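The values are calculated or read from the model by the stated rules, or taken from the named source; none is laboratory data. If you're wondering where the values come from, they're calculated on a predicted model, not measured in any experiment. Every residue, glycine among them, receives a Cβ derived from its backbone with ideal geometry; neighbour counts consider all protein chains shown. Ligands, DNA and RNA are excluded from the accessible area calculation, which covers all protein heavy atoms including side chains. Shrake-Rupley method; radii C 1.70, N 1.55, O 1.52, S 1.80 Å.
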Amino acid sequence: MLKFNEQKQLDNVNGALSLKPEVEKWVDKIWDRGFENICFLGIGGTYASALQVEKHLKAKSKLKVIVEEAAEFLTTGNKNVTDQTIVIISSVTGNTKEMVEAMEKIKEIGSYVIEFIDEKESTLAKMFDNVISYPGDEQLKFFLVADYLMYKNEEFDDYENYYDQLEKNLAKDLVAIEKSADNFGKEFAEKHRHDEMQYYIGAGNQWGSTYSYAMCYVEEQHWLRSKSITAAEFFHGTLEIIDENTSVTLFIGEDAERPLAERVKKFLPKVCGNYTIIDSKDYPLDGIDEKYRGYLSHLVTHCVTQRIDAHIEHLNRHPMDIRRYYRQFDY
């Protein structure tokens with residue numbers, strides 16, 4: 001398989017899950033002090049991950065959650081972000097300009113902070129004490145914090161059982177999904193690698209990953225034109241420009257907003273002859289209870305898109321790690 005290292009995949013997921021005791025330690029300290037709300041702050045892909053965990057918390061918790069895009073936060077601010085706010089961020093490089101400036105502002109406000117920073121010696125890692133350094137698997141890190149906060153708030157009694165199942169099964173399940181999706185990924189890549197325009201639709205915790213896939217992968221890494229739209233908003237504009245030849249991909253998850261995606265699925269055959277459905281329900285998660293699948297569906301579909309990406313990169317002879325403009329000059 002192209003760009004697939006099974007042991008590395010297993011180690012990455014298990015490594016992220018092993019952060020659970022460290023996450024609990026920092027959350028316990030903040031919980032004992034007391035807080036008013038939670039703010040996930042990001043930009044680009046980290047903002048997309050924040051949108052995923054926001055949906056998770058809004059559906060299952062009374063805890064007040066805010067999501068902020070770093071550049072917008074710098075200009076507009078948010079009066080609800082105070083010294084009684086838990087601010088949670090993630091960064092690969094630890095030096096993204098907007099994130100550094102936003103966290104300087106957070107430092108002035110005096111919020112409680114939990115940072116997931118891949119680079120231990122980076123600017124962001126040195127700004128606060130509550131730093132957890134481990135590369136990759138950003139969504140798992142954010143969900144670890146959210147789930148433990150819900151557990152502390154007596155809203156997730158299954159917390160220990162759930163994470164016991166993840167620790168035993170999730171890594172190998174995701175590897176199995178990626179293997180089983182490889183042929184699909186190749187077929188999709190062969191069909192869509194030269195599309196003039198691609199539309200991606202998602203709902204619930206699939207929305208953050210849909211937004212991220214269209215922008216951070218299809219546009220930024222493959223240099224293909226795309227648009228992402230929520231399943232709910234699809235019927236208020238985008239549907240009018242869909243025809244028989246339009247490239248449309250619909251992600252369907254298994255959380256509370258699945259019916260919104262299924263509504264789009266029912267509509268598409270009436271107007272489009274070039275649509276693709278990627279449904280997390282089509283892939284098994286052995287050893288993980290059915291009732292937990294909705295928490296994880298964005299990880300399932302990400303395994304599928306990773307296979308698409310590997311094949312587009314190979315077929316188009318366009319390395320995904322090169323950029324024309326991003327970080328190439330000041331803007």
Check your understanding: Take the residues of segment 65-117 that are of a type in the set (Ser, Thr, Tyr) and open to solvent by 10 Å² or more (accessible area, probe 1.4 Å): which is nearest to ASP129 (Cα to Cα)?
Key -> TYR112
Practice item. Mind listing whichever residues of segment 190-206 are in a helix (DSSP H, G or I) and out of contact with any Lys or Arg (no Cβ under 7 Å at 6 or more places or on another chain)? Key: GLU190, LYS191, HIS192, GLN206
Review point. How many residues does segment 108-131 hold that are assigned to a strand (DSSP E or B) and within 21 Å of HIS302 (Cβ to Cβ)?
Key: 1
Review point. When you go through (1) open to solvent by 40 Å² or more (accessible area, probe 1.4 Å); (2) aromatic (Phe, Trp, Tyr); (3) under 18 Å from GLY45 (Cβ atoms) one by one for PHE142, which number turns out not to apply?
Key: (1)
Review point. Given the structure, is ASP173 over 23 Å from THR46 (Cβ atoms), without any contact (Cβ under 8 Å) to a residue 40 or more places away in the chain and either in contact with a Leu (Cβ under 7 Å, 6 or more places away or on another chain) or surrounded by fewer than 21 Cβ atoms within 10 Å (Cβ to Cβ) (or both)?
Key: no
Study note, to complete from the structure: Residues of segment 195-208 being in contact (Cβ under 8 Å) with a residue 60 or more places away in the chain and open to solvent by 30 Å² or more (accessible area, probe 1.4 Å), in sequence order, are TRP207
Study note, to complete from the structure: Of ASP309, ASP330, the only residue that is open to solvent by 90 Å² or more (accessible area, probe 1.4 Å) and either part of a helix (DSSP H, G or I) or acidic (Asp, Glu) (or both) is ASP330
Study note, to complete from the structure: When segment 7-46 is checked residue by residue, the ones that are open to solvent by 50 Å² or more (accessible area, probe 1.4 Å) and farther than 28 Å from LYS168 by Cβ are LYS29, ASP32, ARG33, GLU36
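Rundown of residues vs (1) of a type in the set (D, E, K, R); (2) at pLDDT below 95, yes/no style:
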| residue | (1), (2) |
| --- | --- |
| ASP129 | yes, yes |
| LEU140 | no, no |
| ALA146 | no, no |
| ASP157 | yes, no |
| ILE177 | no, no |
| GLU187 | yes, no |
| HIS194 | no, no |
| MET197 | no, no |
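Tell me the residue from SER18, SER49, SER61 that is modelled with pLDDT of 95 or more and touching a Ser or Thr at 6+ places or on another chain (Cβ under 8 Å), please.
SER49
Can you pull out every residue in segment 52-64 that is surrounded by fewer than 20 Cβ atoms within 10 Å (Cβ to Cβ) and part of a helix (DSSP H, G or I)?
Of segment 52-64, the ones surrounded by fewer than 20 Cβ atoms within 10 Å (Cβ to Cβ) are 58-64.
LYS58, ALA59, LYS60, listed by residue number.
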Practice item. Considering each of ASP255, ASP282, ASP289 in turn, give the residue that is more than 23 Å from ARG193 (Cα to Cα), open to solvent by 30 Å² or more (accessible area, probe 1.4 Å), touching a residue at least 40 places away in the same chain (Cβ under 8 Å) and within 21 Å of the chain's Cα centre (by Cα). Key: ASP255
Check your understanding: In segment 42-51, which residues are within 15 Å of THR210 (Cα to Cα) and not in a loop (DSSP other than H, G, I, E, B)?
Key -> GLY45, THR46, TYR47, ALA48, SER49, ALA50, LEU51
Revision key, fill the gap. If we ask which residues in segment 273-298 are among the hydrophobic types (A, V, I, L, M, F, W, C), touching a helix residue (DSSP H, G or I) at 6+ places or on another chain (Cβ under 6 Å) and either closer than 23 Å to LYS3 by Cα or part of a helix (DSSP H, G or I) (or both), their number turns out to be 2
Check your understanding: Within segment 209-243, which residues are open to solvent by 10 Å² or more (accessible area, probe 1.4 Å), in a loop (DSSP other than H, G, I, E, B) and touching a strand residue (DSSP E or B) at 6+ places or on another chain (Cβ under 9 Å)?
Key -> LEU224, ARG225, GLY237, ILE242
